[in-house]
1. Quick one, what does Rg over Rh come out to for segment 49-101 if you take C-alpha atoms and the Kirkwood Rh?
2. Could you tell me which of Leu14, Ala68, Ala119 has its Cα farthest along the dipole of the chain towards the positive end, charges placed at Cβ (Lys, Arg +1; Asp, Glu -1), taken about the Cα centre?
3. With both bridge residues required to lie in the chain, what share of the DSSP beta bridges run antiparallel, to the nearest 5%?
4. Zone of Ser65 (label point 7 Å along Cα→Cβ, backbone N under 14 Å): which residues in segment 94-112?
5. Under unit Cβ charges (Lys, Arg +1; Asp, Glu -1), what dipole magnitude, rounded to 20 debye, does segment 53-137 have relative to its Cα centre?
6. Can you tell me the FRET efficiency between Lys17 and Val131 if r is taken as the Cβ-Cβ distance and R0 is 30 Å, rounded to the nearest 0.05?
7. Rounded to the nearest 20 Debye, what is the dipole magnitude of segment 1-117 about its Cα centre when Lys and Arg each give +1 and Asp and Glu each give -1 at the C-beta?
8. Hull surface divided by four, with the convex hull built on the Cα atoms of the chain: how many nm²?
Amino acid sequence: MSIEIPSREEIGQLLKKSKRIAVVGLSNNPERTSYMVSKAMQDAGYEIIPVNPKVDEVLGVKALSSLAEIEGHVDIVNVFRRSEYLLDVAKDFVNIDADIFWAQLGLVNEEAYHFLKEAGYTVIMDRCIKVEHALTK
């Protein structure tokens, strides 16, 4: 079985209605891709919630150690963790009932994908949220 993601038009619609993005694995190092992508999304008006137990703050926002610590609804969980960790993040994702599971460019895990699709969630893998936002705004 393969992974199917929403069309670019559908992704654009999802991004337009989303406001809060929890970023799992967000680094506080401005040279890291997770930081640059999240900064661009924050600058575009999205609320960024850093999820990384190894840092205290990123982009002026207190970092949380897990998705479970987030208060309120999350529209997108954007993941910057290696593919082998995606299933664990997917299980945490289901527990907070966010809308969209997004694994960044280069990240794919079929087991996580099927687990989430069977539970009825929107799943995007191997796409950069910053690029998709730029192409669909």
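The values are calculated or read from the model by the stated rules, or taken from the named source; none is laboratory data. None of these values were measured; they are calculated from a predicted model. Cβ sites come from the backbone with ideal geometry, for glycine too, and all protein chains shown count toward neighbours. Accessible surface areas use protein heavy atoms only, side chains included; no ligands, DNA or RNA. Shrake-Rupley method; radii C 1.70, N 1.55, O 1.52, S 1.80 Å.
1. Expressed as Rg/Rh, it is 0.94.
2. Projecting each Cα onto the dipole axis, the largest value belongs to Leu14.
3. 10 percent
4. Counting backbone N atoms under 14 Å from the label point, the list is empty.
5. Approximately 320 debye in magnitude.
6. Step by step, r from the Cβ atoms, then E = 0.95.
7. Here the size comes out at about 240 debye.
8. Numbers: hull surface 30.0 nm².
Over every viewing direction, the Cα hull of the chain projects on average to 7.5 nm².
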